[in-house]
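Step one of this worksheet: look at the structure below.
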Amino acid sequence: MKLEIRSVVPASRDATWALVMDIPKAATCIPGIKEVTPDGEGRFQATMQARVGPMGMTLNGTITIVSQDAEAGEAHFLVEAGDKRVGGGVKTNMSMKVTAQSDNETELEIVSDTTFMGRLGELGQPIIRRKARNTLADFSKNLSKLLKAES
């Protein structure tokens, strides 16, 4: 399932880039994230609690920075997580791009391509799509609030 979201955040491009590349700090903007800890160069262990339709789950997995280019303002990530109790998981290839709109506004573009496995894949695309889109939108709103608070 592919999703794309664009938003303008109230901060400079450099401040936005610095925050989105601080994975543990940026992850606090994602609803349901409980813990993110470094696990080597460009790898992080993460735990997220989520409810999709009638199913509550705790996803445990890794976030890997596949590539990053500060000059271009682009980064690519691989997120892999699963819930043993539910018997399902996700694998997401995600790209993020920051583009200056003015000295204190930056466009944030997130494109994700997610594969759902096991019972998660059986839930139905409309429910999963709505949950994923809402999570990305909430991340963008929370990131804006954090950037505004820090400036």
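Some notes on this structure:
- Top-ranked residue in the stretch 32-45 [being exposed (fewer than 14 other Cβ atoms within 10 Å of the Cβ), within 23 Å of ALA132 (Cα to Cα) and of a type outside the set (Lys, Arg); ranked as farthest from the chain's Cα centre (by Cα)]: THR37
- The residues of the stretch 129-147 that are modelled with pLDDT of 85 or more and charged (D, E, K, R), listed by number, are ASP138, LYS141, LYS145.
- For VAL36, the test of being assigned to a strand (DSSP E or B), under 16 Å from VAL111 (Cα atoms) and without any contact (Cβ under 8 Å) to a residue 40 or more places away in the chain is failed.
- Residue within the stretch 69-90 that is under 12 Å from the mean Cα position of the chain (by Cα), aromatic (Phe, Trp, Tyr) and either at pLDDT 95 or above or under 19 Å from THR28 (Cβ atoms) (or both) present: yes
- Qualifying residue in the stretch 102-121 (condition: under 14 Å from the mean Cα position of the chain (by Cα) and acidic (Asp, Glu)): yes
The values are calculated or read from the model by the stated rules, or taken from the named source; none is laboratory data. What you see is a predicted model, and the numbers here were worked out from it, not measured in a lab. Cβ coordinates were reconstructed from backbone atoms using ideal geometry, including for glycine residues, and neighbour counts include every protein chain displayed.
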